[in-house]
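S.K.: Sending over a structure as structure tokens; questions will come in a sec.
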Amino acid sequence: MHPEKWIKTDKTGLYCRALDAYIDPMHPVKRAIITHGHADHARPGHSEVYATPQTLGIMRIRYGDDFCEKPIPMEYGQTRSIHKAQLHMVPAGHILGSAQAVIDYKDYRLILAGDYKRHPDPSCPPFEVTPCDVFVTEATFGLPVFRHPPINQQIQKLLDSMALFENRCHLVGAYALGKCQRVILALRALGYNKPIYLHGALLRLCEFYQENGVELGELIPVSELDNPKVLAGELVIAPPSALNDRWSRKLPEVMTAMASGWMQIRARSKQRRAELPLIISDHCDWSELIQTIKEVNPRELWVTHGREQALVHQAQKMGYKAKALSLVGYEEDED
Amino acid sequence: MEAFAELVDKLYFTSSNLAKSALIKQYLSQTPDPDRGWAIAAIAGTLSFDFFKRKLIKDLITERVDPVLFDLSYDYVGEMSETVSHLWQAQADDPPGMKVLPSLAEVVNTFANGKRAENRNYLITLLNSMSAPQRWALLKLGTRGLRIGVSARFLKKTLAEYAQDCGSDISIEDVERIWHGVAPPYKALLAYLEGKAEAPDVSESVTFQPLMLSHPLSDDELQSIRASDFQAEWKFDGIRVQLVVTSAGKALFSRTGDDISHSFPDIIDELETQHIYGVFDGELVALNPRVTDAHEIKGVLEAKNDNQTHYEIASFNQLQQRLNKKKPGNKLISNYPCGLILYDVLSLEGKDLRENTLVERSKALANWFKTQPYHFIHLSRPLDFTDTHSLISLREEATQLEQGYIEGLMLKRKDAVYVSGRPKGKWFKWKRDPRLIDAVMMYAQRGHGKRSSFYSDYTFGCWQDGKLLPVGKAYSGFTDDELKQLDRWVRQNTIGRFGPVKEVEKALVLEVAFDSVHPSNRHKSGVAMRFPRIHRIRWDKPANEADHLTTLQAMI
Ligand SMILES: [Zn+2]
């Protein structure tokens, strides 16, 4: 049966009648399928939650042990029958634990990709191309102006600046889940072996990554230092909200960097007051979106949120049937 | 070209002035002539020609990118050069790219000497050979739109610092004095700054002297204005100009130093050094001849050598007919006569008066004025006032004037010397009350620059026969918090979309302030407002209680 008959959208999000479940719902529901741990996708208070073990772990860290009544772990590739349909999870390459939800019902397969990317990321398994009838994609960076450069090139920019301004404390704004760990991994890959200092809000999730086998090297909480002046010439990572607040004022001669896919747009960098914009994204850029559509080659493309108008137009030009679902509530910010 | 692109990119993102001037000084010390001089020109905005037109950029990108995707991209990014720099991709039939980018000077010279078709190909080749930030720098440079948070004043200050670093005893005033007499690529200036040559001689050239500017008057400051210390003048509603007449020539400059003489031959061609010789500060206004009894009314200027004709200051709208006309015809000139109202003098008959006090300068100006013969030159006479109350009533007088030819009051310290820039506590402007109407928001558009993620440009309308007619557009006057509220309201109340424009529910009343309103045949409503801005957001007011178009028409 065509998914149009068993998928609908409402204020709570995307509802699958065949599973009797919402995917990444905005509000507490009876049964939720969660694609990944970012706060706008994984919210607390549901009764049943189907998600990868890592995503469940992240939700537990963020919301406590009672984040839902019944967590049901879904290993990648493991199929479960729920209500009238089958569900299995496939890696999405977005952050640790991120998954595409693959739903099979009455000879049709729909994939809800959640957030995903195609750039290499050593902190999670890569996006897996899976054939389907309907591919439901995001379009956070769905405009041809978005071209994300390789992460090494951006991290080199940071290292160059640290060499040039060797007494300045380089403060990098990065989201706690995914971005922060990816920045650390790239720094280590380029041979930065000194300790990296962290804002308290990033600690628990970094530990979680390490528990899951992602090697991050020596990390020191800024709060453990007696005198923040020793951070001159060092590297500190903090959540973006801390970049311009009281917390960062105690750091010596700060050079503010910000790691985000939005940093490609000058006005966005200015808004963040980033002197060193680092274009690092955990989403697809325009060419990755197009590459993915071509490789998945679905019969139909649905676009959930972001710049859906442009991506729908592009997919139609490529000969695909495409429409926008215009879901609201997914933040642009955790990118 | 790489070094220049890197410099402007870094300057763009650097916020501290200290770091900015360090970057510029470093660039100057590491970059050879004439490249560094062209970079100064690009940053200071003194390049005299466009390398290519915006239209060419638009045409090139339209040939290369799907129009729907281009529009959506431009709508999102909010700025043409940046949109193009990201979207640009080489095409199969393009000329081959360059292995090494040319120097900045080579780029400038190639565009300056190339024919249009050659420049087109050169631009394509450059864009194909560049990274996105380099493309952005080139497009901004080539259309003279480089805005990177470095004002001309700041740049001159940095040049003076650079000179001091080189061991020269040169102040920013020294740089200011010669600035308008030297031209890109500034070899002589740079040699002087570095102590390798004497100061360039600019006394013979007809040069613009940067103007003295005013601060808006706050309520607290009003209380401190004493008649013993301050001189009051009308603030006329024209454009600020500087008239320079020397033995070497004569010119009329706009407030930014653009030579606008060519638009006003009826003024410039008449002037002779035997009658007028010096540098004057004043207002350019449109005039209406008018036969009247000679009694003094505000805004009517005394006649000169003619007992019959008096001149009345005409509307700004009338002046606009004369602005930006390269070669005005005789008919235009006689239909829209213009004149100058002088209020200050920087030098007179070879004597520099900038170090004299305002009182002394005003006196010198008034004495000279008695001897001058031109009927289109008028004098702004100081106004009588005794205390705060009489100032308030003068301003009230300006507010009540039916035509908008007086914008308010200028209050100037009597003992102030003439300094370029905006010195604190010397000159104040006190604008008259704005006009207000209640209008209804109809459309919203994303802003530019820092505001590109907000719907910050609003089209509003007034009622006529039960329908709303757009009467203007405003994108200022609100706080950052109000902007967020307006943006949210627009997103929640969108009912339609035309490209980058969102049509909204006709439900939100905006109290719009504006300086004046004029008839206009470019707008369906038949009126155009000057400087409309959001005064208050009337969340409380029902849309059907907003003003009717007739209210606005009555204010013309
Ligand atoms: Zn996400």
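S.K.: Treating cross-link reach as a plain straight distance, find the aspartates and glutamates whose alpha-carbon is under 15 Å from the alpha-carbon of B:Lys156, omitting any fewer than eight places away in the same chain.
M.R.: Within reach: B:Asp165, B:Asp169, B:Glu173, B:Asp174, B:Glu176, B:Glu194.
S.K.: Another question, then. Using +1 at the C-beta of Lys and Arg and -1 at the C-beta of Asp and Glu, which of B:Tyr277, B:Asn335, B:Val501 has the Cα lying farthest in the positive direction of the dipole of chain B?
M.R.: It is B:Val501.
S.K.: Based only on other Cβ atoms within 10 Å, what is the fewest-to-most ordering of A:Ile155, B:Ile313, B:Ile239?
M.R.: By the 10 Å Cβ count, ascending: B:Ile239, A:Ile155, B:Ile313.
S.K.: What ranking do A:Tyr15, B:Tyr27 get, fewest neighbouring Cβ atoms within 10 angstrom at the top?
M.R.: A:Tyr15, B:Tyr27
S.K.: ³J(HN,Hα) across region B:180-185 via Karplus (A = 6.51, B = -1.76, C = 1.60, θ = phi - 60°), whole Hz, x for Gly/Pro?
M.R.: Couplings: 7, x, 10, 10, x, x Hz.
S.K.: Right, something else. Under a Cβ-only charge scheme (Lys and Arg +1, Asp and Glu -1), can you give me the dipole magnitude of chain B about the Cα centre, in debye to the nearest 20?
M.R.: On the way: 71 positive and 73 negative charges, 214 e Å.
It works out to roughly 1020 debye.
S.K.: Here's another thing I want to ask about it. Which of the pairs B:Lys140/B:Lys250; B:Lys235/B:Lys473; B:Lys53/B:Lys250; B:Lys140/B:Lys196; A:Lys294/B:Lys99; B:Lys140/B:Lys473 have their Cα atoms more than 28 Å apart in this structure?
M.R.: Violating the 28 Å Cα-Cα cut-off are B:Lys140/B:Lys250; B:Lys53/B:Lys250; B:Lys140/B:Lys196; A:Lys294/B:Lys99.
S.K.: If you don't mind, there's one more thing I want to ask. How far, in degrees from 0 to 90, does helix A:53-63 lean away from the longest principal axis of the Cα atoms of chain A, to the nearest 10?
M.R.: In chain A, helix A:53-63 runs at an angle near 60 degrees to the longest axis.
S.K.: Okay, moving on. For helix A:286-296, report the angle its Cα long axis makes with the longest principal axis of the Cα atoms of chain A; keep it between 0 and 90° and round to the nearest 10°.
M.R.: The answer is roughly 40 degrees.
S.K.: Taking the Cα centre of region B:2-142 as origin, sum charge times position over the Cβ atoms of Lys and Arg (+1) and Asp and Glu (-1), and report the length of that vector in debye to the nearest 20.
M.R.: 360
S.K.: Follow-up. Mind putting together the pair-distance distribution for region B:362-502? All Cα pairs, 10 Å bins, whole percent per bin, short to long.
M.R.: 9, 23, 23, 20, 17, 7, 1
S.K.: Let me ask something additional. With point charges of +1 on the Cβ of Lys and Arg and -1 on the Cβ of Asp and Glu, referenced to the Cα centre of the protein assembly as shown, which listed residue (B:Leu436, B:Ser347, B:Phe385) lies farthest in the positive direction of the dipole?
M.R.: Looking along the dipole axis, the top candidate is B:Leu436.
S.K.: Restricting attention to region B:49-144, which trypsin sites (Lys or Arg not before Pro) occupy a DSSP loop and are surrounded by at most 10 other Cβ atoms within 10 Å?
M.R.: Loop-located and lightly packed - B:Lys99, B:Lys115.
S.K.: For region A:1-157, what is the number of Lys pairs with C-alpha distance below 24 angstrom, counting only pairs 8 or more positions apart or on separate chains?
M.R.: Count of close lysine pairs: 15.
S.K.: A further question follows. Rounded, prolate or oblate, given the Cα gyration tensor of region A:151-278, with a/c below 1.5 counting as rounded?
M.R.: rounded
S.K.: Taking H as built 1.01 Å from N, whose amide H comes closer than 5 Å to the amide H of B:Cys338, not counting residues under 5 places away?
M.R.: Amide H neighbours of B:Cys338: B:Leu287.
S.K.: For chain A, modelled as a GNM with alpha-carbon contacts under 10 angstrom, which of A:Ser260, A:Ser223, A:Ser281 fluctuates the most?
M.R.: A:Ser223
S.K.: Work from the charge dipole of the protein assembly as shown (Cβ charges, +1 for Lys and Arg, -1 for Asp and Glu, about the Cα centre) and give the residue of A:Leu235, A:Cys124, A:Gln314 farthest towards its positive end.
M.R.: So the residue we want is A:Gln314.
S.K.: Now, a different point. Using θ = phi - 60° and the Karplus form 6.51 cos²θ - 1.76 cosθ + 1.60, what ³J(HN,Hα) does each residue of region A:30-40 get, whole Hz, x for Gly and Pro?
M.R.: Residue by residue, region A:30-40 yields 5, 9, 10, 9, 10, 6, 6, x, 4, 4, 7 Hz.
S.K.: What angle do you read, to the nearest 10 degrees and between 0 and 90, between the alpha-carbon axis of helix A:151-164 and the longest principal axis of chain A?
M.R.: 10
S.K.: Suppose only helical runs count, i.e. DSSP H with n ≥ 4. What mean residue ellipticity at 222 nm does that imply for the protein assembly as shown under -39500 (n - 2.57) per run, divided by all residues and rounded to the nearest 500 deg cm²/dmol?
M.R.: So the helix-based figure for the protein assembly as shown works out to -9000 deg cm²/dmol.
S.K.: If you look at just the Cα atoms of the protein assembly as shown, how large are its Rg and its Dmax in Å?
M.R.: When restricted to the Cα atoms of the protein assembly as shown, Rg and Dmax are 32.4, 102 Å.
S.K.: For B:Leu379, list long-range residues whose amide hydrogen, built 1.01 Å from N in the peptide plane, is under 5 Å from its own amide hydrogen.
M.R.: Residues meeting the criterion, in which the H sits 1.01 Å from N, are B:Leu342.
S.K.: Taking Cα pairs under 8 Å and at least six residues apart, what relative contact order does chain A come out at, in percent?
M.R.: The value is 17 percent.
S.K.: For region B:215-431, what does the relative contact order come out to in percent, with C-alpha contacts under 8 Å and a separation of six or more?
M.R.: Reported as a whole number, the value is 30 percent.
S.K.: A further question follows. Using alpha-carbon pairs under 8 Å, 6+ residues apart, how would you state the relative contact order of region B:89-231 in percent?
M.R.: Averaging sequence separation for qualifying contacts and normalising by length gives 15 percent for region B:89-231.
S.K.: Let me make sure I get this right: for chain B, a, b and c are the square roots of the gyration tensor eigenvalues over alpha carbons, sorted descending. Under 1.5 in a/c it's rounded, otherwise prolate if a/b > b/c, else oblate. Which is it?
M.R.: Because a/c hits 1.5 or more and a/b fails to exceed b/c, chain B counts as oblate.
S.K.: Ranked by Cβ crowding within 10 angstrom, fewest neighbours first, how are A:Met263, B:Met442 ordered?
M.R.: Going from sparsest to densest Cβ surroundings: B:Met442, A:Met263.
S.K.: Next question. Place a +1 charge on the Cβ of each Lys and Arg in region A:198-318 and a -1 charge on the Cβ of each Asp and Glu, then give the dipole magnitude about the Cα centre in debye, rounded to the nearest 20.
M.R.: Charge dipole, region A:198-318, about its Cα centre: 760 debye, nearest 20.
S.K.: In addition: How big is Rg to Rh over chain A, alpha-carbon atoms, Rh as the Kirkwood inverse-mean-distance radius? The partial results should precede the final answer.
M.R.: Working: Rg = 20.3 Å, Rh = 20.6 Å.
Here the Rg-to-Rh quotient is 0.99.
S.K.: Sticking with this one: Quick check: net charge around B:Ala232, other residues with Cβ under 12 Å of its Cβ, Lys/Arg +1 and Asp/Glu -1?
M.R.: With Lys, Arg at +1 and Asp, Glu at -1, the net is +3.
S.K.: So what J values fall out for region B:374-390 if you push phi through Karplus, 6.51 cos²θ - 1.76 cosθ + 1.60 with θ = phi - 60°, rounded to Hz, Gly and Pro as x?
M.R.: Once θ is set to phi - 60°, the couplings for region B:374-390 become 7, 6, 9, 10, 10, 10, 8, 8, x, 8, 7, 8, 10, 8, 3, 4, 5 Hz.
S.K.: Is region B:12-59 best put as rounded, prolate or oblate by its Cα gyration tensor, with a ≥ b ≥ c the root eigenvalues, rounded for a/c under 1.5, and otherwise prolate when a/b is larger than b/c, oblate when not?
M.R.: oblate
S.K.: For a quick check: with amide H placed at 1.01 Å from N, whose amide H comes under 5 Å from B:Lys541's, ignoring anything fewer than 5 positions away on the same chain?
M.R.: The answer is B:Val509.
S.K.: I would also like to ask the following. At a Förster distance of 30 Å, what's the computed FRET efficiency of B:Lys524 paired with B:Gln492, Cβ-Cβ distance as r, to 0.05?
M.R.: Approximately 0.60, to the nearest 0.05.
Only the coordinates and a few stated rules stand behind these numbers; no lab work does. Nothing here was measured: the structure is a model prediction, and the numbers come from that model. Positions of Cβ are backbone-derived with ideal geometry, glycine not excepted, and every protein chain shown enters the neighbour counts.
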